[in-house]
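Visitor: Below is a structure I'd like to ask you about.
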Amino acid sequence: MPGPPVSIGCAVMVTPGAAGPPDSGVIVVVPQASVMAGGMPLAVAGSICQMVNSISGAPYPLVIGSLGSTRVLVNGMALVRMGDNIPSPPGILTILGPPAAPFVTDGSPP
């Protein structure tokens, strides 16, 4: 069940990764600065993750897909929450955490 929103520095994992096995990374760019929690801009669909290929170690960018919260939108973009599984080529992006502010939560369905 999705929960607290996340921000820059949140750990993510994409399965399968660019070369097959899961790749890990972090959110590095959030394209909005109008909604914040704990002084950090909340991640939305379109945020960019810096991923690392698990086989070669090569870094690559990954844009978070358009699916996220079904009820909370920021400038028309879905909010990204801890526990979300979002289709983002090459696979499914899992949002691991930590949350931007554990006192804010969104329990709406994915």
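The values are calculated or read from the model by the stated rules, or taken from the named source; none is laboratory data. Remember, it's a predicted structure, so these values are computed and weren't measured experimentally. With ideal geometry, Cβ positions are generated from the backbone for all residues, glycine too; neighbour counts draw on all protein chains shown. To get the accessible areas, we keep the full protein, side chains included, count just its heavy atoms, and leave off ligands, DNA and RNA. Shrake-Rupley method; radii C 1.70, N 1.55, O 1.52, S 1.80 Å.
Visitor: Sort out which residues of the range 30-39 are in a strand (DSSP E or B) and open to solvent by 70 Å² or more (accessible area, probe 1.4 Å), and write them in order of number. Outline the logic, then answer.
Guide: Pass one, the range 30-39, residues in a strand (DSSP E or B): 36-37.
Scanning the range 30-39 gives a single hit, M36.
Visitor: Further question: Checking the condition open to solvent by less than 70 Å² (accessible area, probe 1.4 Å), of a type in the set (A, V, I, L, M, F, W, C), closer than 14 Å to P2 by Cα and touching a residue at least 12 places away in the same chain (Cβ under 8 Å), which residue from L42, L67, L93 passes?
Guide: L93
Visitor: Yes or no: A78 crowded, with 21+ Cβ neighbours inside 10 Å and either in a loop (DSSP other than H, G, I, E, B) or among the small types (G, A, S) (or both)?
Guide: Considered against the rule, which asks whether it is crowded, with 21+ Cβ neighbours inside 10 Å and either in a loop (DSSP other than H, G, I, E, B) or among the small types (G, A, S) (or both), A78 comes out as yes.
Visitor: Which one is modelled with the lowest pLDDT, of the residues in the range 90-109 that are part of a loop (DSSP other than H, G, I, E, B) and within 13 Å of the chain's Cα centre (by Cα)?
Guide: Of everything passing the filter in the range 90-109, A100 is modelled with the lowest pLDDT.
Visitor: Looking at I86, I48, which is the one that is open to solvent by less than 10 Å² (accessible area, probe 1.4 Å) and either closer than 23 Å to A101 by Cβ or over 9 Å from the mean Cα position of the chain (by Cα) (or both)?
Guide: From the options I86, I48, the qualifying one is I86.
Visitor: Among the numbered criteria (1) β-branched (V, I, T); (2) open to solvent by 20 Å² or more (accessible area, probe 1.4 Å); (3) free of Cβ contacts under 8 Å to residues at least 60 places away in the same chain, which single criterion is violated by I27?
Guide: Checking I27 against (1) β-branched (V, I, T); (2) open to solvent by 20 Å² or more (accessible area, probe 1.4 Å); (3) free of Cβ contacts under 8 Å to residues at least 60 places away in the same chain, the one that fails is (2).
Visitor: If you take the residues of the range 57-75 that are modelled with pLDDT of 90 or more and part of a strand (DSSP E or B), which of them is farthest from the chain's Cα centre (by Cα)?
Guide: Per the criteria, the residue is P59.
Visitor: Those residues that are under 12 Å from P99 (Cβ atoms) and either of a type in the set (D, E) or surrounded by 14 or more Cβ atoms within 10 Å (Cβ to Cβ) (or both), I need them from the range 9-24; list them, please.
Guide: Passing the criteria: C10, A11.
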